[in-house]
Amino acid sequence: KPFVIGVSSPKQTFEEPRWVSTKAAFGWHALMPDAYTVKAIEYVRPALDDTQGWATGVFEKTRESTRTFDVNTAVVLMEIAYYQLRGKRPLIEAAHVQAAR
């Protein structure tokens with residue numbers, strides 16, 4: 001079966017519209033920066049709105065913004081920025097617990 005976008009129930013799938021995710025583009029670039037991930041970030045640039053921030057992505061066919069703004073995208077982008085500012089250290093690190101004597 002060809003790749004489908006989403007499944008709302010076992011009997012209903014969606015082939016269109018496909019879009020490129022803003023958080024995926026920035027996330028991959030943070031983890032594995034290279035020429036491809038730079039192009040991905042450039043591709044989703046139309047998702048940036050001057051007043052509302054980053055939309056969830058851009059449609060594949062038209063490269064227009066999805067014009068969908070949600071807290072999930074905003075939080076993931078903030079986590080990515082924080083990860084990069086910390087020098088790519090994990091956001092959650094193991095606690096160093098001393099054994100009781």
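The values are calculated or read from the model by the stated rules, or taken from the named source; none is laboratory data. Just so it is clear, the model here is predicted, and its values are computed rather than measured. No Cβ is skipped: glycine too gets one built from the backbone with ideal geometry, and neighbour counts run over all protein chains shown.
How many residues does segment 45-66 hold that are basic (Lys, Arg) and surrounded by 12 or more Cβ atoms within 10 Å (Cβ to Cβ)? It would help to see each step written out before you state the result.
Let us first name the residues in segment 45-66 that are basic (Lys, Arg), namely 45, 61, 63.
Right, trim to surrounded by 12 or more Cβ atoms within 10 Å (Cβ to Cβ) and you get 45, 63.
Qualifying residue count, segment 45-66: 2.
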* Asked: Pick from segment 16-44 the residues that are part of a helix (DSSP H, G or I) and loosely packed, with under 13 Cβ neighbours inside 10 Å: which of them is modelled with the lowest pLDDT?
  -> Leu31
